[in-house]
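The values are calculated or read from the model by the stated rules, or taken from the named source; none is laboratory data. In this text, all values refer to a predicted model and were calculated from it rather than measured experimentally. Glycine also receives a Cβ, built like all others from the backbone with ideal geometry; neighbour counts cover every protein chain displayed.
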There are 2 protein chains.
Amino acid sequence: MPQMTLRDIAYALGLSVSTVSKALRDSYEISKDTKERVIAYARTNHYLPNRMAKSLKEGKSGSIGVVVCSIDNSFVSRMLDGIDGVCAQAGYDIVIMQSKESLVQEKSCLKQLEARGVEGILISPSAETIGFEHLLALRETGMPIVLFDRISERFESDQVGIDNYHAAFQATEHLLANRYRRIAMLNIGLDIPFARLRSAGYLDALKKKHLTYGKQLIRPCWPDTGETLKDRVRASIQSLFELAEPPDALFTATDQLSTLSLSVLHEMGHRIPEDIALIGFSNTELADVLTPPLSTIYQPALEIGRLAAEKLIGLISGRGLSEEYETVILPAQLHIRDSSRPGVKVQVNG
Amino acid sequence: MPQMTLRDIAYALGLSVSTVSKALRDSYEISKDTKERVIAYARTNHYLPNRMAKSLKEGKSGSIGVVVCSIDNSFVSRMLDGIDGVCAQAGYDIVIMQSKESLVQEKSCLKQLEARGVEGILISPSAETIGFEHLLALRETGMPIVLFDRISERFESDQVGIDNYHAAFQATEHLLANRYRRIAMLNIGLDIPFARLRSAGYLDALKKKHLTYGKQLIRPCWPDTGETLKDRVRASIQSLFELAEPPDALFTATDQLSTLSLSVLHEMGHRIPEDIALIGFSNTELADVLTPPLSTIYQPALEIGRLAAEKLIGLISGRGLSEEYETVILPAQLHIRDSSRPGVKVQVNG
DNA sequence: CTGTTAGCGCTTTCAA
DNA sequence: TTGAAAGCGCTAACAG
């Protein structure tokens, strides 16, 4: 039998559908005896309530939508793990969709999730997402929304993320403390809120040291069509080395840029940190066993996911009625390793 | 307005619900004029059909369940990416659940997915899954199922995976060709079908060279409660080095074991491959920039995901009516790098 | 304590 | 060409 229904049970036991329904939900209205008979029958016959029907009836689907740029990213998947843990615990299941860094795609994901009847949405906006009108509109319909990872001051909302500005500032200061003076930065599109903050932290750290090259050494890495991100990274690094005064250190603003840069620098035969130091945002567990061990800015991915999910479930449950939105900022951790240790060249000038 | 329904449109336009429904589905029964009015109204008012209702009515949910051991695993997440690509294309969305390598958990996931009304299931069974009765029972109810990644000859079913036996055989032969003779193996539980095949490939390669230590150098790594997998790897490697004749090479049977072994060997101060060579199943893009570059057996994760999803969608669509189950075996690729290059010790004996 | 009834939003005969 | 009505499986108000 494909799917047993309440009706089947009712028929088999000579009861009505509603009695069976109530018995299964342990209603006080039903006699102990009947309950037992119903439950026994349901068990032995592997009755499974149809959630589609229940969802339709109750107007809630028991699922939560999650939109990320790409599931195929260790940082993202760790956040998803955190999200899933909390949601599973609370009895929600999650529907994950990928924006692949496209705003159009992101909107389409949101539409689908809405249509599917998710009770709330967790989103890490795409790189193309500058404005938040679509999210505002969605929230207007009563959909609870929590931004995670890629948070933004331009969108009044509940958010969970890290202090991008400060993390970038610290990383840059660390390079400066190790006497690097021509620090280049690889970033993704500069319009993206979190990327902008990382640039700002970098720039302010330079400014504090009265270094005046400003944005000249920033390279936004956004692949053109038909080009991989790695191609773009290669081209960017190439262009930096062709400068009259090439950089002596590189600060990479995302997970992917960090490891790609490491690969590309290897390919090009540059020694790290002798020729160029490297530090970047990264969450790989492999940082210690890379060549050289990679200095990283580590973000607490699991924790971000957990907190975001908890916040969302709170909103769904009607708690967090306080009209005020809350932004949770977790600290990022600087993990200093060999790729940014004080370089040899420094001694020459010292 | 929270959710506009057909009724709202019908009321606004002075039509009946069924007319609106048909108009929206471009039925031949409806006049061009009416269709246009309805569609225009629906567009401007952002009508979204309620998929829960549609699902209930049609008895199909438009979603596919995916069960994996853990989403937080780069190999898994790449397969998921492949799956999602195909499913999204075909208009299905995916509900991902994690078994966390527990059979109980796996069963619970399957129950939930079934209740949720998924139209098919893609599963990479947990490490504890020795028998397949629960999957058989589920399939009896008419649920299409495709096994991916962790395939098994013990379960007659559609499957997509790699040739584990052959891959392990090749990797071991490679070590032998580079003159390593005491080759140890780290594996997960030996009952797991794919792990068993990997062991078998390893053992047969040894046998072919008339190496007689057989299973003595195999270490199953399954964390006890309160212990991390890394702890277990550390203990296993420790025990290998404490042997009268310690190994000169190590073959690791899973992604996690490979990178953990690399870390642990680093920690313990062993040089690779001078003290011990290393090759393992791994899908990290970082293999080239590890210390040393890690020889790996690479599995085409994205492709596995894609093919499995395509197969499943085929089954759902009623194609693949052929009573015969199909097992697709993709080749794994041996990527030889420094961690398994011919060692120094060899010269001494040579 | 149990059953009848109405409907959640949609699709789909069958009539008009 | 349009509409009325039934029903997917479940819940809940209301009767009995």
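The figures follow:
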quantity	calculated
Members of segment B:8-38 found to be closer than 25 Å to residue A:142 by Cβ, of a type outside the set (Gly, Ala, Ser) and near DNA strand C (Cβ under 6 Å from one of its atoms), listed by number	B:17
Evaluation of residue A:172 against (1) of a type outside the set (D, E, K, R); (2) within 21 Å of the chain's Cα centre (by Cα); (3) more than 14 Å from chain B (Cβ to nearest Cβ) (one fails), failing number	(2)
Qualifying position, being within 30 Å of residue B:22 (Cα to Cα) and buried (at least 24 other Cβ atoms within 10 Å of the Cβ), among B:126, B:55	B:55
Residue within segment A:123-133 that is within 14 Å of chain B (Cβ to nearest Cβ) and closer than 23 Å to residue A:193 by Cα present	yes
Pairs, first more than 7 Å from DNA strand C (Cβ to nearest atom) in segment B:51-68, second of a type in the set (A, V, I, L, M) and part of a loop (DSSP other than H, G, I, E, B), C-beta under 8 Å, six or more apart	B:61/B:118; B:63/B:118; B:64/B:118; B:65/B:118
Cβ-Cβ under 6 Å pairs, at least 6 apart or on other chains, segment A:9-20 side small (Gly, Ala, Ser), far side in a helix (DSSP H, G or I)	A:10/A:17; A:10/A:20; A:16/A:10
Candidates A:158, A:81, A:149, A:93, filtered to the one that is out of contact with any Asp or Glu (no Cβ under 6 Å at 6 or more places or on another chain) and touching a residue at least 60 places away in the same chain (Cβ under 8 Å)	A:149
Of the criteria (1) within 11 Å of another protein chain (Cβ to nearest Cβ); (2) touching a helix residue (DSSP H, G or I) at 6+ places or on another chain (Cβ under 7 Å); (3) surrounded by fewer than 19 Cβ atoms within 10 Å (Cβ to Cβ), which one residue B:108 fails	(2)
Test: residue in segment B:61-75 that is within 11 Å of chain A (Cβ to nearest Cβ) and among the acidic types (Asp, Glu)	yes
Unique residue being buried (at least 21 other Cβ atoms within 10 Å of the Cβ) and among the hydroxyl-bearing types (Ser, Thr, Tyr) when the list is B:213, B:202, B:165	B:202
Which numbered condition residue A:180 fails, given (1) crowded, with 24+ Cβ neighbours inside 10 Å; (2) out of contact with any Pro (no Cβ under 8 Å at 6 or more places or on another chain); (3) closer than 24 Å to residue A:87 by Cα	(3)
Qualifying residues in segment B:216-254 (those that are touching a residue at least 40 places away in the same chain (Cβ under 8 Å), among the hydrophobic types (A, V, I, L, M, F, W, C) and assigned to a loop (DSSP other than H, G, I, E, B)) - the one surrounded by the fewest Cβ atoms within 10 Å (Cβ to Cβ)	B:222
Single match in B:275, B:288 (criterion: outside any strand (DSSP E or B) and over 28 Å from residue B:148 (Cβ atoms))	B:275
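This table checks each residue for (1) at pLDDT 90 or above; (2) within 13 Å of chain A (Cβ to nearest Cβ).
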{"position": "B:258", "(1), (2)": "yes, yes"}
{"position": "B:267", "(1), (2)": "no, yes"}
{"position": "B:284", "(1), (2)": "no, yes"}
{"position": "B:291", "(1), (2)": "no, yes"}
{"position": "B:300", "(1), (2)": "yes, no"}
